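**Q** Before I ask anything, let me first share the structure, which is written out below as structure tokens.
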Amino acid sequence: MFGLESVAGPFGAALLIGVVLVEALLLYVGYGLLESALGPTIARAIRGD
């Protein structure tokens, strides 16, 4: 996807770990924002308020 498969050795491993950590951080922040924006509305809908 990003052409990372051509990088080999320790640098490739470190690059892959870095990409996975950045992706995890973005997903954590994104889902947190989504939950804070939509969570109360969905909870009210489930409770029937």
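The values are calculated or read from the model by the stated rules, or taken from the named source; none is laboratory data. Predicted, not measured: the structure shown is a model, and the values here were computed from it. Here the Cβ is made from the backbone with ideal geometry for all residues, glycine too, and neighbour counts use every protein chain on show.
**Q** With respect to GLY32, is the statement that it is surrounded by 10 or more Cβ atoms within 10 Å (Cβ to Cβ) and either more than 15 Å from the chain's Cα centre (by Cα) or of a type in the set (Val, Ile, Thr) (or both) true?
**A** On the way: surrounded by 10 or more Cβ atoms within 10 Å (Cβ to Cβ): yes; either more than 15 Å from the chain's Cα centre (by Cα) or of a type in the set (Val, Ile, Thr) (or both): no.
So GLY32 fails the test.
**Q** Between a residue in region 19-48 that is modelled with pLDDT under 95 and any residue that is assigned to a helix (DSSP H, G or I) and not basic (Lys, Arg), which pairs come within a Cβ distance under 7 Å, given they are 6 or more apart or on different chains?
**A** VAL19/LEU4
**Q** (1) in a loop (DSSP other than H, G, I, E, B); (2) surrounded by 10 or more Cβ atoms within 10 Å (Cβ to Cβ): which one isn't true of ASP49, the others all being true?
**A** Checking ASP49 against (1) in a loop (DSSP other than H, G, I, E, B); (2) surrounded by 10 or more Cβ atoms within 10 Å (Cβ to Cβ), the one that fails is (2).
**Q** Within region 1-27, can you find the residues that are at negative phi, exposed (fewer than 10 other Cβ atoms within 10 Å of the Cβ) and in a helix (DSSP H, G or I)?
**A** GLU5, SER6, PRO10, PHE11 - these are the residues of region 1-27 that are at negative phi, exposed (fewer than 10 other Cβ atoms within 10 Å of the Cβ) and in a helix (DSSP H, G or I).
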